[in-house]
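The values are calculated or read from the model by the stated rules, or taken from the named source; none is laboratory data. Since the structure is predicted, the reported quantities are computational estimates derived from the model, not experimental observations. Reconstructed Cβ throughout: ideal geometry from the backbone, glycine too, with neighbour counts over all protein chains shown. The area values use the complete protein model at the heavy-atom level, side chains included, leaving out ligands, DNA and RNA. Shrake-Rupley method; radii C 1.70, N 1.55, O 1.52, S 1.80 Å.
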Amino acid sequence: MLGMFKRDPKKKLQQAYERKLQAAMEASRNGDMRANATLTEEAEALLAEIKRLESAQ
């Protein structure tokens, strides 16, 4: 019964993933390709974690 009050870790990771992609896009627009690459790599790591959680369910 108390399980419905637990936060969804997938939802939190999804929000972090979207923020990283947004930051990567802004870095790209500003011409900072190194930051774009770093942020994109971090976003891909978050996406891999999201997919791992989905497959565990």
Next item on the list: Just name one of 21, 56, 38: the one whose Cα is farthest towards the positive end of the charge dipole of the chain (beta-carbon charges, Lys/Arg +1, Asp/Glu -1).
Entry: 56
Check: How far apart, in nm, are the 7 Å Cα→Cβ label points at residue 45 and residue 22?
Finding: 2.1 nm
Checklist line | Value of [θ]222 nm, deg cm²/dmol, for the chain, DSSP H segments ≥ 4, -39500 (n - 2.57) each, nearest 500 | finding: -27500 deg cm²/dmol
Margin query: Compute the helix-to-body angle for 9-29: its Cα long axis versus the longest principal axis of the chain, expressed 0 to 90° and rounded to tens.
Written below: 10 degrees
Note to self: Given a 1.4 angstrom probe, what's the average accessible area per residue across the chain, in square angstrom?
What the structure shows: 85 Å²
Margin query: Using only the alpha-carbon atoms of the chain as identical scatterers, what base-10 log of I(q)/I(0) does the Debye formula give at q = 0.15 Å⁻¹?
Written below: -0.50
Item checked: Net dipole in debye of the chain [+1 Lys, Arg Cβ; -1 Asp, Glu Cβ; about Cα centre; nearest 20] -> 280 debye
Item checked: Chain lengthening between residue 14 and residue 53 when straightened (0.36 nm per residue, less Cα-Cα) -> 12.9 nm
Next item on the list: State the percentage of accessible surface on the chain attributable to carbon and sulfur atoms; use a 1.4 Å probe and exclude ligands, DNA and RNA.
Entry: 53 percent
Next item on the list: Give the angle, between 0 and 90 degrees and rounded to the nearest 10, that separates the Cα long axis of helix 33-56 from the longest principal axis of the Cα atoms of the chain.
Entry: 20 degrees
